[in-house]
Amino acid sequence: MMNKPFDYFAPKSISEAVSLLKKHGSGAKLIAGGQSLVPLMNLGLAAPRQIIDLTHIKKDSLSYVKLDKDSLMIGSMTTHSAVENSPQIRRHCRILSETAMTIADVQVRNRGTIGGSVCHADPAGDYLAPLVAVDAEFRAINPKRKVRTISADKFFVDIFTTALKRDELLTEIRVPKRPSTRNGSAYVKHKYVEGGFAIVGAAAVVSVNKDGICDRAKVVLSGVSTRPVRVDMIEKEFRGENLDERAIEEAGRIVREAVHDPLSDIHASADYRREMAVVFAKRALRLALARSRKTGAQHN
Amino acid sequence: MPKRRSKRAARRAVVTPAKPSREQHIRVRVNGVDHESDVESRMLLVHYLREVLGLTGTHEGCDTSNCGACTILYNGRSVKSCTMFAAQANGGDIVTIEGLTKDGQLHPIQRAFWDNHGLQCGFCTPGMIMQSYWLLKENPKPTDEQIRWGISGNLCRCTGYQNIVKSIKAAARELR
């Protein structure tokens, strides 16, 4: 099918991109890698009047991975392939590389970007749960060059809806650095085909003290609701506890209660999603825990 | 009339670095040859390659980035040309299946697909070969699992993939 006509803009700078966004208002759409937007347009499900292409902004201004002493900084135009293969991300936020690896296929990962994916905010998108679990922060800029920082938890508002204002552009995702030892994280997902969308995606982040007692345990789920589900009870209940198999079973029960109104669609019924949320949350927790008990940065 | 036109042209030249338009003028290099074209903004890259440049080796399967038949190399990386607009490729360097053949000689990957019965109907083959080309460039000695992982974005409904994997392994040996 032929797409509806649209005006195409290829701004060369971030400020030019945000002023175009402000000028054209709600009919305009930013395109990053286009791996969600173009299929939606080809299917006739989206028909923006203006397309503002971010791929011609001078490459280094939005595609990078950097480190400072507190955090890992990822430019919003960094491709999934780069997130998957970046040595810094692998070392300091393994869960994000692990997540990028599960997105679609090589060609899509070569083109799709982390910023595009989170701004699309598909509830079954893979980055949502892990970014909330690692306490990521999102930086956005507006036409007045004012920078706003939004926590991942507040960023994802609803299905295909983020906290970004109409004239804001996501520039960077920041993840706090954690010590390389006694921290573990994992992302596991339930899908029907390799690289498929998450029917349930479970992210777990665990810290233990030197006696193996839990300092922190976070579980966040994608795919089950219109926005990521933070299982707060796990964070509260497990601090100071020994995370043995009995505790993990208890975590499963907490997840079952937390997922009280799961999505129901052609891929999975609400009941099935809830059951799978329990199964995959437990798997993610077990894996994160095993990693936290191994020392060495590569297991972080 | 001529006066008014020139005034408007002058104004346009001053204010618009990124000119909005439903038509775009693009320059691309495809298989080492430079092309300049006026295209509609909404034209997909796969349509540009097939219908404007006449390079029909790149196939269009699903239009939704599922099947991989339209895989090409864009600035050195494999991408699906059905999920890019031609306008976006302005200034880019593209390699299609036609670009692999040198002086009428099949590329070793193409020959390996032939020799190992790596195709039946052939619809997925150009995309499969372009993806294999990228895969072997990145990893000249892939394991079976790495091959299957590497081509997981390319669907084949005939072969059951066995002979495709065999072909890629044979090509890898040939290229080393």
**Study point:** Whichever residue in the stretch A:25-37 is crowded, with 20+ Cβ neighbours inside 10 Å and in contact with an Asp or Glu (Cβ under 9 Å, 6 or more places away or on another chain) and, among such residues, is nearest to the other protein chains (Cβ to nearest Cβ)
**Key:** A:Gly34
Check your understanding: Which condition number does B:Glu51 fail, the rest of (1) within 18 Å of B:Val30 (Cα to Cα); (2) in contact (Cβ under 8 Å) with a residue 24 or more places away in the chain being met?
Key -> (2)
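Just to be sure, is A:Ser26 part of a helix (DSSP H, G or I) and either in contact (Cβ under 8 Å) with a residue 12 or more places away in the chain or not small (Gly, Ala, Ser) (or both)?
Yes; evaluated as a whole, the condition is true for this residue.
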Study note, to complete from the structure: Within the stretch B:145-160, the residues that are more than 21 Å from the chain's Cα centre (by Cα) and surrounded by fewer than 18 Cβ atoms within 10 Å (Cβ to Cβ) are B:Glu145, B:Gln146, B:Cys158, B:Gly160
Exercise for review: Name, by its number, the condition in (1) modelled with pLDDT under 95; (2) in contact with a strand residue (DSSP E or B) (Cβ under 6 Å, 6 or more places away or on another chain) that does not hold for A:Ala297.
Suggested key: (2)
Check your understanding: Since A:Pro48 meets every condition but one in (1) closer than 30 Å to B:Gly61 by Cβ; (2) over 23 Å from the mean Cα position of the chain (by Cα); (3) within 7 Å of another protein chain (Cβ to nearest Cβ), which condition does it not meet?
Key -> (3)
Study note, to complete from the structure: Filter the stretch A:55-85 for residues that are under 20 Å from the mean Cα position of the chain (by Cα) and within 11 Å of chain B (Cβ to nearest Cβ); the one that is nearest to A:Ser15 (Cα to Cα) is A:Thr79
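What residue, among those in the stretch B:62-91 that are over 13 Å from the mean Cα position of the chain (by Cα) and outside any helix (DSSP H, G or I), is nearest to B:Pro126 (Cα to Cα)?
Taking the stretch B:62-91 first, the residues over 13 Å from the mean Cα position of the chain (by Cα) are B:62-64, B:66-67, B:87-88, B:90-91.
When the remaining residues are screened for being outside any helix (DSSP H, G or I), the result is B:62-64, B:66-67, B:90-91.
Details: B:Cys62: 15, B:Asp63: 16, B:Thr64: 17, B:Asn66: 15, B:Cys67: 12, B:Asn90: 23, B:Gly91: 24 Å.
For the stretch B:62-91, the residue satisfying everything is B:Cys67.
Right, A:Pro123: out of contact with any helix residue (DSSP H, G or I) (no Cβ under 9 Å at 6 or more places or on another chain) and buried (at least 19 other Cβ atoms within 10 Å of the Cβ) or not?
Values: out of contact with any helix residue (DSSP H, G or I) (no Cβ under 9 Å at 6 or more places or on another chain): yes; buried (at least 19 other Cβ atoms within 10 Å of the Cβ): yes.
So A:Pro123 fits the description; yes.
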**Study point:** Of residues in the stretch A:233-245 being out of contact with any Cys (no Cβ under 9 Å at 6 or more places or on another chain) and over 11 Å from A:Lys282 (Cα atoms), the one surrounded by the most Cβ atoms within 10 Å (Cβ to Cβ)
**Key:** A:Ile234
Check your understanding: Does B:Gly99 satisfy the condition of being over 13 Å from the mean Cα position of the chain (by Cα) and either closer than 24 Å to A:Arg109 by Cβ or of a type outside the set (A, V, I, L, M, F, W, C) (or both)?
Key -> no
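Based on what the data block shows, is B:Thr96 away from chain A (no Cβ under 12 Å), polar (S, T, N, Q) and in contact (Cβ under 8 Å) with a residue 24 or more places away in the chain? Lay out the reasoning, then the answer.
Details: away from chain A (no Cβ under 12 Å): yes; polar (S, T, N, Q): yes; in contact (Cβ under 8 Å) with a residue 24 or more places away in the chain: yes.
When the stated conditions are applied, B:Thr96 passes them.
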Review point. (1) over 30 Å from A:Lys29 (Cα atoms); (2) more than 14 Å from the chain's Cα centre (by Cα); (3) not in a loop (DSSP other than H, G, I, E, B): which one isn't true of A:Ala204, the others all being true?
Key: (2)
Check your understanding: Does the stretch B:92-106 hold any residues that are touching a strand residue (DSSP E or B) at 6+ places or on another chain (Cβ under 7 Å), not hydrophobic (A, V, I, L, M, F, W, C) and not in a loop (DSSP other than H, G, I, E, B), and which are they?
Key -> B:Asp93
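Given the condition free of Cβ contacts under 8 Å to residues at least 24 places away in the same chain, more than 23 Å from A:Met101 (Cβ to Cβ) and not polar (S, T, N, Q), answer yes or no: does some residue in the stretch B:132-145 qualify? Let's see the steps before the verdict.
Looking only at the stretch B:132-145, we keep the residues that are free of Cβ contacts under 8 Å to residues at least 24 places away in the same chain, and these are B:137-139, B:143, B:145.
Retained after the next criterion (residues that are more than 23 Å from A:Met101 (Cβ to Cβ)): none.
No: zero hits.
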Exercise for review: Restricting attention to the stretch B:121-176, report how many residues are part of a loop (DSSP other than H, G, I, E, B) and in contact with a Cys (Cβ under 8 Å, 6 or more places away or on another chain).
Suggested key: 7
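Step by step: first the residues of the stretch B:50-65, then only those that are over 16 Å from A:Gly33 (Cβ atoms) and within 11 Å of chain A (Cβ to nearest Cβ), then the one that is surrounded by the most Cβ atoms within 10 Å (Cβ to Cβ). Which residue is that?
Within the stretch B:50-65, the first condition is being over 16 Å from A:Gly33 (Cβ atoms), and the residues that meet it are B:50-63.
Right, trim to within 11 Å of chain A (Cβ to nearest Cβ) and you get B:60, B:62-63.
Details: B:Glu60: 17, B:Cys62: 15, B:Asp63: 20.
Among those that are over 16 Å from A:Gly33 (Cβ atoms) and within 11 Å of chain A (Cβ to nearest Cβ), it is B:Asp63.
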Check your understanding: Of (1) buried (at least 23 other Cβ atoms within 10 Å of the Cβ); (2) in contact with a His (Cβ under 7 Å, 6 or more places away or on another chain), B:Gly118 satisfies all except one. Which?
Key -> (2)
Exercise for review: Considering only the stretch B:66-84, state which residues are small (Gly, Ala, Ser) and at the interface with chain A (Cβ under 9 Å from one of its Cβ atoms).
Suggested key: B:Gly68, B:Ser78
Revision key, fill the gap. Note on B:His107: of the conditions (1) under 27 Å from A:Glu84 (Cβ atoms); (2) within 17 Å of the chain's Cα centre (by Cα), unmet is (1)
Practice item. Kindly indicate which of B:Ala87, B:Ala112 is closer than 30 Å to B:Arg22 by Cα, modelled with pLDDT of 95 or more and either out of contact with any Leu (no Cβ under 6 Å at 6 or more places or on another chain) or within 14 Å of chain A (Cβ to nearest Cβ) (or both). Key: B:Ala87
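Residue under question is A:Val188, and the condition is that it be out of contact with any Leu (no Cβ under 6 Å at 6 or more places or on another chain), modelled with pLDDT of 90 or more, crowded, with 20+ Cβ neighbours inside 10 Å and part of a strand (DSSP E or B); does it hold? First the steps, then the outcome.
On the way: out of contact with any Leu (no Cβ under 6 Å at 6 or more places or on another chain): yes; modelled with pLDDT of 90 or more: yes; crowded, with 20+ Cβ neighbours inside 10 Å: yes; part of a strand (DSSP E or B): yes.
Spelling it out, A:Val188 is indeed out of contact with any Leu (no Cβ under 6 Å at 6 or more places or on another chain), modelled with pLDDT of 90 or more, crowded, with 20+ Cβ neighbours inside 10 Å and part of a strand (DSSP E or B).
The values are calculated or read from the model by the stated rules, or taken from the named source; none is laboratory data. Being a predicted model, the structure only gives us computed values, none of them experimental. Virtual Cβ from ideal backbone geometry, glycine too; neighbours counted across all protein chains shown.
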